[in-house]
Amino acid sequence: MYKNEIIPVLENGFSLENPWDGQVIIIGAGLAGLTAGYILGKSGIDYTILEASQVIGGRIRALEGFADFPVELGAEEIHGRKSAWYEIIQKQERAIISPEKYGQSLYNIEGKLLTLKEMESAELYEQVDKFTLYWEDYDEEDISVADYLNRLKVPQQYHHVLNAWYGNEYGTSNSRLGVLSMAQSDNKWSSGESNFTLKDASYMEVLKTAFKDVIPHIQFNSPVVMIDSSNELIEVDTKKGQHKAKKVIVTVPLSVLKAGDLAFIPPLDEEKQKAVDTIGIDTGMKILLKFKERIWPENTGSIYPGGKIPEFWVTGLGKDTQSHVLTGFINGENAEYLSSLGDQAVYVALHELDQVFGDRKATESFEDSYIIDWGKEPFIKGAYSYPSLNSEPERISLAEPIDDKVFFAGEATNAWGHPGTAHGALETGYRAVKELIESIELFG
């Protein structure tokens with residue numbers, strides 16, 4: 001969905017042909033819920049956001065004080081220039097950087113630490129190109145990326161790299177990522193190819209600035225347990241009490257729907273339940289490691305050690321910092337294993353870095369750590385949705401309103417090629433309000 005459609009609505013709201021005095025309840029104060037609330041407010045519609053936790057942001061969260069800059073615990077990259085999220089950041093005049101311009105990646109291939117250029121020149125790498133250059137054209141029966149790599153006879157020493165580039169990046173593992181679904185989603189991508197991060201600020205600072213007028217409409221510590229849309233007024237039950245509204249926008253993570261934490265009366269129909277069951281979402285973690293000194297080569301961007309942590313990146317790359325921090329980024333099967341270890345996962349991370357750099361450099365220089373395990377967050381329960389087998393068409397069903405009364409938003413409902421992203425979540429907040437406005441115009 002193009003930013004040119006969304007930005008004017010963010011500025012001016014929707015124009016209703018006739019006044020509407022109904023109440024809207026939004027469930028969840030993540031980026032989708034905040035966007036929906038903001039547009040409703042601009043459109044002159046009364047709304048309340050019920051947020052289960054004590055804070056806004058959902059899977060956007062920053063850690064202050066660990067380093068001499070805020071560290072992103074959730075969403076971190078700005079994907080492309082052609083999105084409303086990018087425009088919001090630009091409007092706030094936030095400095096952004098392109099990490100790939102500051103550092104190169106290092107890959108552990110059979111015990112040797114190689115640059116990308118060296119790896120591409122290594123033995124049998126041409127088999128990797130059979131996947132990386134052509135997967136977007138795949139149009140056969142959906143199979144996992146792992147099975148497809150085996151079919152293409154991609155050498156085993158490169159599998160961990162491809163798992164980091166694809167499975168882990170998409171929020172899972174290659175054994176669960178569908179080639180066809182990934183291609184179908186990626187071929188709809190329209191936000192641009194460049195990736196950026198904020199130089200000095202955090203995503204949370206952007207949220208608080210952009211949506212400051214929404215925050216007074218939020219009721220925190222209000223987890224919703226049931227939505228009953230069987231009567232004219234929808235009843236929304238929280239652990240604190242009941243609310244009533246004419247329209248409801250549900251923005252909770254897909255993992256919360258999968259867990260059954262939110263009951264629907266009447267129950268979700270077969271198509272929507274199939275969508276909930278089919279679209280994937282796994283556990284996701286970030287392990288932050290702070291060191292007394294830099295243990296990686298200068299100008300390093302990312303490190304791919306080939307173990308349980310698919311990728312470490314230099315957290316302060318391109319920033320004005322004296323802190324030496326690495327972020328270990330883990331999703332899917334690897335995250336499930338490390339999550340089971342609790343705090344001991346830090347020592348797995350240090351061990352893998354020691355193997356890469358030798359001489360126990362990581363362990364000897366280790367100073368502090370922090371783990372965010374999104375699967376253990378009670379109102380989140382996972383990382384972000386991904387293209388599991390045969391899942392891409394299901395996003396339309398997941399986003400479908402119920403009787404023009406209950407609407408759905410959140411990154412998992414993005415059927416335009418941007419699931420699993422912040423800007424994709426924002427787009428769905430806009431789409432849900434647009435559908436709601438259309439229902440008002442048609443049915444009142």
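The values are calculated or read from the model by the stated rules, or taken from the named source; none is laboratory data. Since the structure is predicted, the reported quantities are computational estimates derived from the model, not experimental observations. Please note: Cβ atoms are built from the backbone with ideal geometry, for glycine as well, and neighbour counts cover all protein chains shown.
More than 30 Å from Asp320 (Cβ to Cβ) and surrounded by fewer than 20 Cβ atoms within 10 Å (Cβ to Cβ): does that describe Ser194? Taking the combined requirement at face value, the residue does not satisfy it. Scanning the stretch 353-369 for any residue that is under 30 Å from Ala432 (Cα atoms), touching a Pro at 6+ places or on another chain (Cβ under 7 Å) and outside any loop (DSSP other than H, G, I, E, B) turns up nothing.
Per-residue answers, yes or no, for (1) assigned to a helix (DSSP H, G or I); (2) free of Cβ contacts under 8 Å to residues at least 12 places away in the same chain; (3) of a type in the set (S, T, N, Q); (4) touching a helix residue (DSSP H, G or I) at 6+ places or on another chain (Cβ under 6 Å):
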residue: Met226; (1), (2), (3), (4): no, no, no, no
residue: Asn231; (1), (2), (3), (4): no, yes, yes, no
residue: Glu235; (1), (2), (3), (4): no, yes, no, no
residue: His243; (1), (2), (3), (4): no, no, no, no
residue: Ile249; (1), (2), (3), (4): no, no, no, yes
residue: Ser255; (1), (2), (3), (4): yes, no, yes, no
residue: Asp261; (1), (2), (3), (4): no, no, no, no
residue: Pro267; (1), (2), (3), (4): no, yes, no, no
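Out of curiosity, is Arg94 over 26 Å from Ala415 (Cβ atoms), outside the structural domain of Asp354 (by TED's automatic domain parsing) and of a type in the set (Lys, Arg)? Spell out the reasoning first.
On the way: over 26 Å from Ala415 (Cβ atoms): yes; outside the structural domain of Asp354 (by TED's automatic domain parsing): yes; of a type in the set (Lys, Arg): yes.
Taking the combined requirement at face value, the residue satisfies it.
Suppose the filter is outside the structural domain of Arg294 (by TED's automatic domain parsing), modelled with pLDDT of 95 or more, of a type in the set (Lys, Arg) and surrounded by fewer than 22 Cβ atoms within 10 Å (Cβ to Cβ); does Lys361 pass it? Here the answer is no, as Lys361 does not meet what is asked.
So that you can scan it fast, the table gives a plain yes or no per residue for (1) within 25 Å of Val433 (Cα to Cα); (2) modelled with pLDDT under 95; (3) surrounded by 16 or more Cβ atoms within 10 Å (Cβ to Cβ):
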residue: Glu205; (1), (2), (3): yes, no, no
residue: Phe220; (1), (2), (3): yes, no, no
residue: Ala245; (1), (2), (3): yes, no, yes
residue: Lys274; (1), (2), (3): yes, no, no
residue: Asp282; (1), (2), (3): no, no, yes
residue: Lys290; (1), (2), (3): no, no, yes
residue: Trp296; (1), (2), (3): no, no, yes
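Of the candidates Ser397, Ser388, the single residue that is polar (S, T, N, Q) and touching a strand residue (DSSP E or B) at 6+ places or on another chain (Cβ under 6 Å) is Ser388.
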